1. Can ILE317 be described as part of a strand (DSSP E or B), in contact with a Cys (Cβ under 7 Å, 6 or more places away or on another chain), in contact (Cβ under 8 Å) with a residue 60 or more places away in the chain and open to solvent by less than 10 Å² (accessible area, probe 1.4 Å)?
2. For segment 1-25, name all the residues that are open to solvent by less than 30 Å² (accessible area, probe 1.4 Å), among the hydrophobic types (A, V, I, L, M, F, W, C) and in contact with a strand residue (DSSP E or B) (Cβ under 8 Å, 6 or more places away or on another chain).
3. Looking at (1) without any contact (Cβ under 8 Å) to a residue 40 or more places away in the chain; (2) surrounded by 15 or more Cβ atoms within 10 Å (Cβ to Cβ); (3) part of a helix (DSSP H, G or I); (4) not aromatic (Phe, Trp, Tyr), which is the only condition ASN284 fails?
4. Just to be sure, is ASP341 under 20 Å from ILE11 (Cα atoms), over 17 Å from the mean Cα position of the chain (by Cα), of a type in the set (Asp, Glu) and in a loop (DSSP other than H, G, I, E, B)?
5. Just checking, does segment 328-338 include any residue being on the phi > 0 side of the Ramachandran plot and open to solvent by less than 30 Å² (accessible area, probe 1.4 Å)?
6. Restricting the first residue to segment 157-180 and requiring it to be in contact (Cβ under 8 Å) with a residue 24 or more places away in the chain and more than 14 Å from ASP104 (Cα to Cα), which pairs with a second residue that is assigned to a helix (DSSP H, G or I) and open to solvent by 20 Å² or more (accessible area, probe 1.4 Å) meet a Cβ separation below 6 Å and a spacing of at least six or different chains?
7. Hey, among the residues in segment 144-178 that are assigned to a helix (DSSP H, G or I) and of a type in the set (Asp, Glu), which one's least open to solvent (accessible area, probe 1.4 Å)?
8. May I ask you to list the residues in segment 26-67 that are among the hydroxyl-bearing types (Ser, Thr, Tyr), surrounded by fewer than 16 Cβ atoms within 10 Å (Cβ to Cβ) and more than 19 Å from the chain's Cα centre (by Cα)?
Amino acid sequence: MTKKERVWAAIRHMESDRVPKGELYIQPQIANKLLGKDYSTDYQHFERDCKVRELLHMDIINVGDWPEWEIGKAADGKKIIQSVYGQTFLEGEESKRLLDPPVDIEDVWDYQEPDITKVTGALLERYVNETDFFVFAQIGGPISMLNEMYPMEDYMVNCITYPNETHLLTERVIAFEIKKAKLFLDKGADAILIADDMAFNTGVFLPPYVMEENVYPFYKQMIREIKEYKDTPVFLHSDGNLNSVMDKLVECGFDGIQSLQPSAGMDIGEIKKKYGDRLCLWGNIDLDYIMCFGTVEEVRAEVRKTIEIASPGGGFILSTCNTMVDIIPPENILAMIKEADITDKQ
């Protein structure tokens, strides 16, 4: 089977020649360690990201497009960056620090929808034309995109104390995200991934009534408009404990879910039993201990157990429960992939 055929089989809940593999993201430093080469550590790099996935027998690439530009420099020489959404950041070597939100919440009526002409989709189009990966195109959701515009505490307070203003801002941002999805589909994306972290390890961090008013309706709108434009799979990414909202997420119409963080109580066996006929499950290999601090044998045992539980009947894609971070020992990553290949042959 080709990479695309393998992933399509999983999405359609059909068994394939082997369980498809694919990480949401592989951090540049660990990619370079695995490849033994000093590629650029840019967030996305075509050659590096292709070669590390080929090395790891992966079937999927997840690609995004987040326009931003330099607008000045701080006193210490660090770049001040503005995003297409309007907020400004101080750029560090491996992280960004929010400086100013795009608009005061009281003045949100003046906020303009981000400019879709700044999104090119060029990198995604290159993956479509030059590789045989199944291409997911990542867009943002109603929680994460606003959470990135304000300090997290301010965002959560805004949801409760400024519900109308928050809803209006979400409307304008989600209209832009839907346009991005359509642009990505025009460029040849195979599926859309809505990245929208909503939970701590103990549960969802917004009250149920806020989820009902300002989250689920936007998921339904996004899925409906994307599928009306092109009948394509739409997945959700969120780590954390989603057990209390899984029924709601299924009702929204998602085709699959990525992360399934075991250390947050996301039991792959229970989720497979309850939702495996309606959702393609993607992820579940533990990062809190197994991948980062476990032995090679512990990694192999966890991978083998997960495949045995989640793969029967199809509907499962193997990955870590978030992204392949640079503190994972390379030998554990190689053990994860080797065990998956061995298990598939048995």
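1. Yes, satisfied.
2. Scanning segment 1-25 gives VAL7, ALA10, ILE11, VAL19, LEU24.
3. (3)
4. Numbers: under 20 Å from ILE11 (Cα atoms): yes; over 17 Å from the mean Cα position of the chain (by Cα): yes; of a type in the set (Asp, Glu): yes; in a loop (DSSP other than H, G, I, E, B): no.
Considered against the rule, which asks whether it is under 20 Å from ILE11 (Cα atoms), over 17 Å from the mean Cα position of the chain (by Cα), of a type in the set (Asp, Glu) and in a loop (DSSP other than H, G, I, E, B), ASP341 comes out as no.
5. First, pick out the residues of segment 328-338 that are on the phi > 0 side of the Ramachandran plot: none.
No; the residues of segment 328-338 include none that is on the phi > 0 side of the Ramachandran plot and open to solvent by less than 30 Å² (accessible area, probe 1.4 Å).
6. Pairs that qualify, where the first residue is in contact (Cβ under 8 Å) with a residue 24 or more places away in the chain and more than 14 Å from ASP104 (Cα to Cα) and the partner is assigned to a helix (DSSP H, G or I) and open to solvent by 20 Å² or more (accessible area, probe 1.4 Å), are ILE178/GLU225; LYS179/ILE116.
7. Going residue by residue through segment 144-178, those that are assigned to a helix (DSSP H, G or I) are 144-147, 152-161, 163-178.
Next, from what is left, pick out any that are of a type in the set (Asp, Glu): 153-154, 165, 171, 177.
Details: GLU153: 125, ASP154: 77, GLU165: 37, GLU171: 87, GLU177: 0 Å².
For segment 144-178, the residue satisfying everything is GLU177.
8. The first filter runs over segment 26-67 and keeps only residues among the hydroxyl-bearing types (Ser, Thr, Tyr), leaving 39-41, 43.
Applying the additional criterion that residues be surrounded by fewer than 16 Cβ atoms within 10 Å (Cβ to Cβ) yields 40-41, 43.
Within segment 26-67, SER40, THR41 qualify.
The values are calculated or read from the model by the stated rules, or taken from the named source; none is laboratory data. Nothing here was measured: the structure is a model prediction, and the numbers come from that model. Counting neighbours? That spans all protein chains shown, and the Cβs are built from the backbone with ideal geometry, glycine included. These accessible areas exclude ligands, DNA and RNA; they are computed on the full protein's heavy atoms, side chains included. Shrake-Rupley method; radii C 1.70, N 1.55, O 1.52, S 1.80 Å.
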